[in-house]
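The values are calculated or read from the model by the stated rules, or taken from the named source; none is laboratory data. Bear in mind that the values here come from a model prediction, so they are computed numbers and not experimental data. Glycine gets a Cβ as well: all are built from the backbone with ideal geometry, and neighbour counts include every protein chain shown.
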Amino acid sequence: MIRFNPNVEAVQPSATLAMTGRAKQLRREGFPVIGLSAGEPDFDTPAPIREAGQAAIREGYTRYTENMGMLPLREAICQKLEADNGLSYAPNEVLCSTGAKQSVALAVAALCRPGDEVLIPAPYWVSYPEMVRLAGAAPKPLPTTAAGEYRLAASDLEAAIDDATRLVILCSPSNPTGSVYPREELEALAEVLRRRPQAFVLSDEIYEHILFDAEHVAFASLPGMKERTITVNGFSKAYAMTGWRLGYMAADPAIVKAAAKIQGQTTSAPCSIAQKAGIAALEMDKRYVTDMVRRFRTRRDFMLEQLNAIEGVRCPRPEGAFYLFPDISRYLDSTSASGRAIRTSEDLCFYLLEEHHVALVPGNAFGDPRGLRISYAASMEDLEEAMRRIVRGLSDLR
């Protein structure tokens, strides 16, 4: 029997990837599966970005860059942080990586030690607790509710934080709920953190530009928080660049230096071509993003109306990202017309996938077994058909 690192043994596989993989398998077998499980915009990468990537290839920009990312890209990111977020960073305070996901992992690996605890509001992105376990620290989920718009209250943070807390992870707009923290709630969280100087904050802002009814506030912009905040962002969501694999972190130079040391001994710098494309993304006309967000809003409104019309389903209004996280607890501990037992959100998702051919992600993967995640990064035609199937599938449960 092969023995593995116990930290690796503790890590759970991604439920999102598992559901997406099962959906692809069913499609290969000829079933008309509609996939609403992947967190990926269904739009093409905007033309100026594609053209910049093509130009980089034609001009032979295909060599290694500096481990931290090419200087012009880091300078462009600094300009973006100043213009969009009111944050002043120097290029040595920015690290570019192969996606925001890697930036999160590097920050956790650099900061967290055995015995440390990491506070993570739930529902959470599936990878946060697993990255913490991989680093040898302990994830500590902090449950939120649909009634509270899935946002962490300052009083709950105050009750949970202690001397063992090394890191607090925030994501606004949120994956998987689409919730957005208003400024006053972030300021209340910051007030709690000021009394705990040993705790850092990882602020995942990858959905920053996909907003409908709210203002995005960078956590590092709050008084006293910049030195203790690792801001993670990237290009995959707002610029439809998921396959380009380009993200970044901005933080205190000591944190960036530690994360860069890990990156230098693992992946090294992100793809040179993607970095050139990233500069183009930051410099292009923002109408590409605005148009995408407008279309996401239309889809959100449709899906929200449809879900909340289903008896027993409650779905808070997401203010950003492209996800919904309805509470479907009314349909747990039920039985389908075919005799299939539905005990958990995972059971429900596999039932909807295998019998009604809609791929969703179970809420237990996000730390909340009462819900499930629906990505509306799909055409209106697919969303309309998916809702017909979901309604039909839920109506067959007794």
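Criterion first (in the same structural domain as SER103 (by TED's automatic domain parsing) and free of Cβ contacts under 8 Å to residues at least 60 places away in the same chain) does PRO197 satisfy it? Spelling it out, PRO197 is indeed in the same structural domain as SER103 (by TED's automatic domain parsing) and free of Cβ contacts under 8 Å to residues at least 60 places away in the same chain. Scan segment 202-225 for residues that are crowded, with 23+ Cβ neighbours inside 10 Å, aliphatic (A, V, I, L, M) and free of Cβ contacts under 8 Å to residues at least 60 places away in the same chain and report the count. Qualifying residue count for the region: 0.
In segment 240-316, which helices (runs of 4 or more DSSP H) lie fully inside it and hold 3 or more residues that are more than 26 Å from PHE212 (Cβ to Cβ)?
On the way: elements: 253-264, 272-283, 287-308.
In segment 240-316, 253-264, 272-283 are the helices (runs of 4 or more DSSP H) which contain 3 or more residues that are more than 26 Å from PHE212 (Cβ to Cβ).
Yes/no per residue for (1) crowded, with 16+ Cβ neighbours inside 10 Å; (2) over 17 Å from the mean Cα position of the chain (by Cα); (3) not basic (Lys, Arg):
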{"position": "ASP42", "(1), (2), (3)": "yes, no, yes"}
{"position": "ARG74", "(1), (2), (3)": "yes, yes, no"}
{"position": "ALA90", "(1), (2), (3)": "no, yes, yes"}
{"position": "ALA100", "(1), (2), (3)": "yes, no, yes"}
{"position": "LEU119", "(1), (2), (3)": "yes, no, yes"}
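Before we move on, is GLU40 over 30 Å from PHE366 (Cβ atoms) and either of a type in the set (Asp, Glu) or assigned by TED's automatic domain parsing to the domain that holds PHE350 (or both)? Walk me through it before giving the result.
On the way: over 30 Å from PHE366 (Cβ atoms): no; either of a type in the set (Asp, Glu) or assigned by TED's automatic domain parsing to the domain that holds PHE350 (or both): yes.
Here the answer is no, as GLU40 does not meet what is asked.
Taking LYS80 as the residue in question, decide whether it is over 22 Å from GLN12 (Cβ atoms), of a type in the set (Lys, Arg), in contact with a Leu (Cβ under 6 Å, 6 or more places away or on another chain) and surrounded by fewer than 22 Cβ atoms within 10 Å (Cβ to Cβ). Considered against the rule, which asks whether it is over 22 Å from GLN12 (Cβ atoms), of a type in the set (Lys, Arg), in contact with a Leu (Cβ under 6 Å, 6 or more places away or on another chain) and surrounded by fewer than 22 Cβ atoms within 10 Å (Cβ to Cβ), LYS80 comes out as yes. Hey, among the residues in segment 226-246 that are surrounded by 23 or more Cβ atoms within 10 Å (Cβ to Cβ) and β-branched (Val, Ile, Thr), which one's farthest from ALA105 (Cα to Cα)? By that ranking, first place goes to THR229. Taking the criterion of being in a loop (DSSP other than H, G, I, E, B) and within 19 Å of MET249 (Cβ to Cβ), the residues of segment 163-179 that qualify are SER172, PRO173, SER174, ASN175.
Suppose we filter ALA105, ALA52, ALA110 for residues that are touching a helix residue (DSSP H, G or I) at 6+ places or on another chain (Cβ under 7 Å), surrounded by 20 or more Cβ atoms within 10 Å (Cβ to Cβ), more than 22 Å from THR229 (Cβ to Cβ) and modelled with pLDDT of 95 or more; which single one remains? Don't jump to the end; show me each part of the working.
Working: ALA105 fails: more than 22 Å from THR229 (Cβ to Cβ); ALA110 fails: more than 22 Å from THR229 (Cβ to Cβ).
None of the others qualify; the one that does is ALA52.
Conditions tested, residue by residue: (1) under 22 Å from GLN263 (Cα atoms); (2) assigned to a loop (DSSP other than H, G, I, E, B).
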residue	(1), (2)
ARG22	no, no
PHE31	no, yes
PRO41	no, yes
ARG50	no, no
ALA55	no, no
THR65	yes, yes
ILE77	yes, no
LEU81	no, no
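Among the conditions (1) surrounded by 15 or more Cβ atoms within 10 Å (Cβ to Cβ); (2) under 24 Å from the mean Cα position of the chain (by Cα), the only one that THR65 does not satisfy is (2). Among the conditions (1) surrounded by fewer than 13 Cβ atoms within 10 Å (Cβ to Cβ); (2) outside any helix (DSSP H, G or I), the only one that GLU9 does not satisfy is (2).
Right, ALA138: in the same structural domain as ALA160 (by TED's automatic domain parsing), of a type outside the set (Val, Ile, Thr) and farther than 20 Å from LYS261 by Cβ or not? Before you say what the answer is, go through the steps one by one.
On the way: in the same structural domain as ALA160 (by TED's automatic domain parsing): yes; of a type outside the set (Val, Ile, Thr): yes; farther than 20 Å from LYS261 by Cβ: yes.
So ALA138 fits the description; yes.
Scanning segment 180-224 for residues that are closer than 15 Å to GLU149 by Cβ, in a helix (DSSP H, G or I) and touching a strand residue (DSSP E or B) at 6+ places or on another chain (Cβ under 9 Å) gives LEU186, LEU189. Summed over segment 163-175, the residues that are touching a strand residue (DSSP E or B) at 6+ places or on another chain (Cβ under 8 Å) and either over 14 Å from GLU208 (Cα atoms) or not assigned by TED's automatic domain parsing to the domain that holds GLY224 (or both) give a count of 6.
Scanning segment 279-325 for residues that are crowded, with 16+ Cβ neighbours inside 10 Å, out of contact with any Gly (no Cβ under 8 Å at 6 or more places or on another chain) and among the hydroxyl-bearing types (Ser, Thr, Tyr) turns up just one, TYR288.
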